[in-house]
1. Is it the case that residue 198 is open to solvent by 50 Å² or more (accessible area, probe 1.4 Å) and under 30 Å from residue 463 (Cβ atoms)?
2. Please enumerate the residues belonging to the stretch 228-253 that are assigned to a strand (DSSP E or B), in contact with a His (Cβ under 9 Å, 6 or more places away or on another chain) and open to solvent by 10 Å² or more (accessible area, probe 1.4 Å).
3. Residue by residue through the stretch 262-292, note down the ones that are over 20 Å from residue 201 (Cβ atoms), of a type in the set (Val, Ile, Thr) and either in contact (Cβ under 8 Å) with a residue 40 or more places away in the chain or open to solvent by 70 Å² or more (accessible area, probe 1.4 Å) (or both).
4. Quick test for you: out of 34, 57, pick the one residue that is at pLDDT below 95 and either closer than 29 Å to residue 341 by Cα or in contact with a Gly (Cβ under 9 Å, 6 or more places away or on another chain) (or both).
5. Would you be able to tell me the number of residues in the stretch 32-61 that are in contact with a Leu (Cβ under 8 Å, 6 or more places away or on another chain), closer than 19 Å to residue 388 by Cβ and part of a loop (DSSP other than H, G, I, E, B)?
6. Kindly establish whether residue 360 is in the same structural domain as residue 461 (by the TED database), surrounded by fewer than 17 Cβ atoms within 10 Å (Cβ to Cβ) and under 28 Å from residue 216 (Cβ atoms).
7. Tell me which residues, restricted to the stretch 201-227, are over 18 Å from residue 324 (Cβ atoms), surrounded by fewer than 19 Cβ atoms within 10 Å (Cβ to Cβ) and hydroxyl-bearing (Ser, Thr, Tyr).
8. Which fully enclosed strands (runs of 3 or more DSSP E) of the stretch 380-474 have 1 or more residues being charged (D, E, K, R), in contact with a His (Cβ under 6 Å, 6 or more places away or on another chain) and surrounded by 15 or more Cβ atoms within 10 Å (Cβ to Cβ)?
Amino acid sequence: FSDFGGPNYQRPVEDLAFAVARFIQKGGSFVNYYMYHGGTNFGRTAGGPFITTSYDYDAPIDEYGLIRQPKYDHLKELHKAIKLCEKALLNSDPNIVILGSYEKAHVFSSESGGCAAFLSNYNLRSNAQVTFNNVHYNLPRWSISILPDCRNVVFNTAKVGTEASRVQMVPTNVKIESWETFNEDVHSVDDESSMTVKGLLEQLNITRDTSDYLWYTTSVRISSSESFLRKGTPLTLSIQTAGHGIHVFINGQLSGSAFGTQQKRMFSFTKNINLHPGENKISILSIAVGLPNIGPHFETRNIGVQGPVVLHGLDEGKKDLAWQKWSYKVGLKGEADNLGSPNSIPSIDWTRGSLATLKQRPLTWYKAFFNAPGGDDPLALDMSGMGKGQVWINGESIGRYWTISVNGNCSGCSYVGAFRQTKCHFGCGGPTQQWYHVPRSWLKPTRNSLVVFEEIGGDASKISIVKRLTATDK
């Protein structure tokens, strides 16, 4: 899977063809490609957690419905070669002939089904020349040659004859205009809470996956006699959470954010904060970035703020807030008012103004309109100027976006050897996902609504609509 913050992967078609041919030569009869046609995790359907909205998977047919070369044609030629072996494959089991230290022939032969052979070279470093049925054959390293008549090679997994396609994301002349904004009111979160209990509760049990977001809010009373106030030194707040992300607000102001990763889902937030004499409100917006989608014991996989939640620097030393009274509110006001839909509550006070002043403002909703670009090329939103959030077009959820940079090793890619997740990374230096698929079937000719919810802060004026084109390189 591609996960936010991780690299994207390419499985070389030479190795993919090799794996399929090896399976068939050993008597396999059914091959399932995962994926043969890439897709998109629209809405909040991406699992993981942390799995990207794109489910392209480097598939022979990509997320946008375009053919990816040479993967598509090379596999097509492989299937044709195997089809030519049909009678032999269905009427006999393979007889294995040793041709060398790393080389073998799997021979299917019967009186009624003719003869077919698969000549394999498992050497990772060297090509080989072998003799089979008194004929010499050259076998590239880590490859299999298919001989439907046990004599003539019609296909070799390592010999790719199709040009590689080159993807281009080309700007359109579409203008996104009439921007308006709406800000979540952090100050009113406590007043709108659905319940108040003693202690910290697990997020999914409260939200029931109706929203990615859950507010945890508590209060801290500071005596005017506290020595840290006289010294003018801040307190330190430490929060332990099971993920997947949190934004921490002190008296309505963003104090900081922290996120887990696919590899480290539990994480901590530690930062100096300023509290004043009297009542202080601490609000934590906990964020889910997809739910577990594979493996056992889903019921044990907690998310949300688990605690401890500790204040360091008080006269009493440290104070664990975990067993105080906490108020809980599921979701955002913008979600409750259905702001992603063109039919949202009309009483919402959208504000017109300069986007430049809102670049780093958290928890901001943006709304604008655009006309559909001409033609029938696949379309995408370029979200590289934004931070993290969700986006809707005409009320349809494009999905989660997050422009966190790739952490991976993009040093090179070889088809040789079994494919592993540590091989063939790409995208280093940029966001894991920059472009988000927009189905043309969701668009009207004019006045399409675009709604974006931004958690962290970004420049909405840089959002653009691009079209996806493919060309080929020799």
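The values are calculated or read from the model by the stated rules, or taken from the named source; none is laboratory data. No experiment lies behind these values; they were computed from the predicted model shown. Every residue, glycine as well, gets a Cβ built from its backbone with ideal geometry; the counts of neighbours run over all protein chains shown. Surface areas here come from the heavy atoms of the whole protein model, side chains and all, with no ligands, DNA or RNA. Shrake-Rupley method; radii C 1.70, N 1.55, O 1.52, S 1.80 Å.
1. Working: open to solvent by 50 Å² or more (accessible area, probe 1.4 Å): yes; under 30 Å from residue 463 (Cβ atoms): no.
No: the conditions fail for residue 198.
2. Listed by number, the residues that qualify are 236, 238.
3. Within the stretch 262-292, 270 is the sole residue that qualifies.
4. 57
5. 2
6. yes
7. Across the stretch 201-227, the qualifying residues are 210, 211, 224, 225, 227.
8. The strands (runs of 3 or more DSSP E) meeting that bar number zero.
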